[in-house]
1. Spelling out what I want: for every residue of the range 166-179, take phi, set θ = phi - 60°, compute 6.51 cos²θ - 1.76 cosθ + 1.60 (Karplus), and round to whole Hz; glycine and proline get x.
2. Output ³J(HN,Hα) for the range 253-266: one whole-Hz value per residue in order, computed from phi by the Karplus curve 6.51 cos²θ - 1.76 cosθ + 1.60 with θ = phi - 60°, and x for Gly and Pro.
3. State the cysteines of the chain left without a partner when partners are defined as other cysteines whose beta carbon lies under 4.7 Å away.
4. So if we plug the beta-carbon distance of Ala367 and Asp176 into 1/(1 + (r/R0)^6) with R0 = 25 Å, what FRET efficiency do we get, rounded to 0.05?
5. Report the one residue of Ala103, Gly7, Val17 whose Cα lies farthest in the direction of the positive end of the charge dipole of the range 1-151 (charges on C-beta: Lys and Arg +1, Asp and Glu -1; origin at the Cα centre).
6. Taking the alpha-carbon distance from Lys91 and a cut-off under 17 Å, which aspartates and glutamates remain once sequence neighbours fewer than 8 residues away in the same chain are dropped?
7. I'd like the distance between the alpha-carbon centres of the range 248-265 and the range 188-207, rounded to an integer number of Å.
8. Under a plain spin-label model, where a point goes 7 Å from the Cα along Cα-to-Cβ, how far apart in nm are Tyr253 and Ser193?
Amino acid sequence: MEVEFLGGAREIGRSAVLVDDSLLLDFGMLTDTPPQFPLETPDPDAVVVSHGHLDHVGTIPALLSGEARPPIHWTPPTHELALTLARDTLKLHGGSYNCPFTATDLKRVTQVSRTHGYRDPFEAAGYEVTFYNAGHIPGSAHVLVDDGETRLLYTGDFHTDDQRLVSGTTSRPDADVVICESTYSDVEHEERSVVEERFVESVETTLWEGGTVVVPAFAIGRTQEMMLICDAYDIPCYVDGMGKQVTEMLQQYPEFVRDPDAFRRAKSHARFVTGRNGQRKRITDQHAAIITTSGMLSGGPAMTYVPEIRANPTNKITMTGYQVEGTPGRDLLETGRAEIDGRVMPVSAQVEQYDFSAHADRDGLLAFLESYENTPVLVNHGDRCDRFASTLRKDGFEATAPQLGSVHNV
């Protein structure tokens, strides 16, 4: 097999791997100003998508802007999430450089969509392809590509520990070469139960003192995780932003969540915000947790909530995900002030950070790769891919960190 890295090599974002100029694995975008897309838009015979996050599916409709109509293979939740994200991109950036596709391209996605479950082999561009549960978000998959001689495992994003929303991956399919993500290759996550308990104690204290907690959360995965936590500890909560739509959609696919009954209870426990008649401003006085997009305070309903609660030091803002440098969320954590809706605002409310990551940390990555000690590993999807590849080589692995645009024969 010949593998070309059109994106996601030594970076987090715009994941895109082309196999033999024929099979495309993922086609995402890197959120930046301006956003960055894969190095080129290829003309594959088929596309296989690992999961429904913007950095893996954000540019998918652009593949259908010409005459070609390659089938797109994914799990049912990934298909739905890709459409949701594409509609949002069109709404925010349609007709500009920030959106490389049109509404017509988006309509074509459903026409060529092919959905598959886990461990159910299918044919794509002449390869046998199989999805395995990756434990990252609902519908996320490791992708095994078999051409009859070589078995290539593309891990996608994965987690080895259980979350409330999804179980950690236990899949270790036989492979001759592994393309492995490395997002948190130099981080050790704190025990999830400890993080959760600290978060709950903090929120409950604030509510008891008469305050309100704004919980910025990514719409896909993180919002639902925080809903499950709030329900488990009987914390009153509201949910706002795209996370509402994602939650409704995921309820249609109970087989892709860890505990469908708990998920249903969490949805019933949460109150979904409509935003009508000044509802958002009234909610800020309700002494509840408000789970809302965006997770990095770069837009969404958070633009209403943060200005409303920022002046009271009893209130709290709990960041639940990684804050990229240059985002308002990162600025708020580091300086106590942030640009919200075009205005730089000082924030007197307490600001806290919690690691609810859906990625494997260093120990998780190494534990996963123990099953592939005699298998070449190509390290991608990380800020320090080369360093992690070096660590693996010291442990006896044949490991490399491909450069952006590089081609590898495996």
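The values are calculated or read from the model by the stated rules, or taken from the named source; none is laboratory data. Everything numeric here is computed off the predicted structure, so don't read it as measured data. Please note: Cβ atoms are built from the backbone with ideal geometry, for glycine as well, and neighbour counts cover all protein chains shown. Heads up: the accessible areas ignore ligands, DNA and RNA and are worked out on the full protein's heavy atoms, side chains in. Shrake-Rupley method; radii C 1.70, N 1.55, O 1.52, S 1.80 Å.
1. Karplus values, whole Hz, x for Gly and Pro: 9, 7, x, 5, 10, 7, 9, x, 4, 8, 9, 7, 10, 9.
2. 10, x, 5, 9, 10, 5, 9, x, 5, 5, 5, 5, 5, 5
3. Cys99, Cys180, Cys385
4. Values: r = 21 Å, r/R0 = 0.82.
It comes out at approximately 0.75.
5. Ala103
6. Cross-link targets: Glu80, Asp105.
7. If we compute the Cα centre of each part, the gap is 24 Å.
8. Roughly 3.0 nm, to one decimal.
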